[in-house]
Amino acid sequence: MKFYIVTPTFNSLSWLQRCIRSVADQTGEGVEVHHHVQDGASTDGTPEWLAEWQQAHADTSGYTFTFESTRDDGMYDAINKAWGKMPPDAAVTAHLNSDEQYLPGALKGVSEAFEAHCEAEIVLGTYIIVDADSRYICHRRPVMPSCWRSQTVCEIITCSCFHKAEAFLRHGIRFDISYKALADLVFYRAIVENAPCICVQPELVTSIFTVTGGNLAWTERSQREWDAEMKALPWYVSRRHGIAYRFNNILRRFTDIRCEQPRSYAVYMSHGEERSERIIKRPTARWGMRTVSNEID
């Protein structure tokens, strides 16, 4: 199965190098990967490093790497541009931000899920949340999205969502670049409203989501967009946001109870080209201050 993975980036070379390595080592029996990086004309040495990486891996079996470095209108515009370059033989596509990583064997697990559920248009996996030093905070299980919750709650996270390429192209849903922070919510709301066949795989731990401190979801721009979005929605939809949010978390907790808890994960660090294994001391599906640094080396 061939994967087309897209990564937007701008002046984040240290994070990007780890992301790229985590995609490159996914190849193996039954898994081919084409990774495309859409760079927004970075000035931190990113284009030069990408050119070196592309040349060094030009003959790597099962792995293709491409990039473009040009100005864009933000992260979501970059992702849309990258999806516009999807090769015709891609079977599955996904997008992985530069400060995120795939875990070992993630794409093989996704491939097996699509093969076992031929009708699936989307596969959702579990992701692990870590801090800027790659220390475990918690993990989040996927739940089956619903139209009413998705109106105000982003029930899907990009790093653990995988689209069947044929269905993705057919539906034609892309990010609305008028949003600079809330586009994920609008994107997945449109997808869920389109009623795709979604395969939820809570036992499949696919990805690392890094809380760097600069995540778009926690910016002032995000709050302004959120306030405007709530005002634009019917009053009864915005009023039930709290219920939707709490219900979604309850579903995640119940799902987590039924699953085997993650005990370790292996990530790329800034100081090396090999994954570093981290042991999870107290696995938890809850995200709060008490969960920070909840792991040991």
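Need one word for segment 116-240: rounded, prolate or oblate. Basis is the Cα gyration tensor (sqrt eigenvalues a ≥ b ≥ c); a/c below 1.5 gives rounded, then a/b vs b/c decides.
Judged from the Cα gyration tensor, segment 116-240 comes out oblate (a/c at least 1.5, b/c at or above a/b).
Which percent, to the nearest 5, of DSSP beta bridges fully inside the chain are antiparallel?
40
For every other residue with a beta carbon closer than 9 angstrom to the beta carbon of Val186, add +1 if it is Lys or Arg and -1 if Asp or Glu, then tell me the sum.
That works out to -2.
For the chain, what does the helix formula give at 222 nm: sum of -39500 (n - 2.57) over DSSP H segments with n ≥ 4, over the residue count, nearest 500 deg cm²/dmol?
It lands at -10000 deg cm²/dmol.
Could you give the accessible area per residue of the chain, probe 1.4 Å, as a whole number in Å²?
Per residue, the chain has 46 Å² of solvent-accessible surface.
Summing Lys, Arg as +1 and Asp, Glu as -1, what charge do residues with Cβ under 10 Å from the Cβ of Cys147 carry, Cys147 excluded?
+1
With the dipole of the chain worked out from charges on the C-beta (+1 for Lys and Arg, -1 for Asp and Glu) around the Cα centre, which of Phe162, Phe67, Val143 lies farthest toward the positive end?
Positive-most Cα among the choices belongs to Val143.
Taking all protein chains in place and a 1.4 Å probe, what share, in percent, of the accessible surface of segment 1-106 do carbon and sulfur account for?
46
Classify the chain as rounded, prolate or oblate, taking a ≥ b ≥ c as the square roots of the eigenvalues of its Cα gyration tensor: rounded when a/c is under 1.5, otherwise prolate if a/b is larger than b/c and oblate if not.
Rounded is the answer for the chain, as its axis ratio a/c remains below 1.5.
Filter Lys2/Lys231; Lys81/Lys281; Lys85/Lys108; Lys81/Lys231; Lys85/Lys231; Lys85/Lys180 down to the pairs with a C-alpha to C-alpha distance above 32 Å, please.
From the list (Lys2/Lys231; Lys81/Lys281; Lys85/Lys108; Lys81/Lys231; Lys85/Lys231; Lys85/Lys180), the Cα-Cα distance tops 32 Å for Lys2/Lys231; Lys81/Lys281; Lys85/Lys231.
Roll a 1.4 angstrom probe over the protein heavy atoms and tell me the percent of accessible area of segment 118-249 that is carbon or sulfur.
55
With a ≥ b ≥ c the root eigenvalues of the C-alpha gyration tensor of segment 1-111, is it rounded (a/c under 1.5), prolate (a/b larger than b/c) or oblate?
Prolate, since a/c reaches 1.5 and a/b exceeds b/c.
So what's the net charge close to Val31: Lys and Arg +1, Asp and Glu -1, counting the other residues with Cβ under 12 Å from its Cβ?
Computed value for this residue: -3.
Just how large is the dipole of the chain about the Cα centre, in debye to the nearest 20, putting +1 at every Lys and Arg Cβ and -1 at every Asp and Glu Cβ?
Value, rounded to 20: 1460 debye.
Could you tell me the center-to-center distance, by alpha carbons, between segment 55-128 and segment 201-272 in angstrom?
When both Cα centres are located, 20 Å separates them.
The values are calculated or read from the model by the stated rules, or taken from the named source; none is laboratory data. Computed from a predicted structure; not experimentally measured. Don't worry about glycine lacking a Cβ; one is built from the backbone with ideal geometry, like all the others, and counts go over all protein chains shown. With ligands, DNA and RNA removed, areas are computed over all heavy atoms of the protein, side chains included. Shrake-Rupley method; radii C 1.70, N 1.55, O 1.52, S 1.80 Å.
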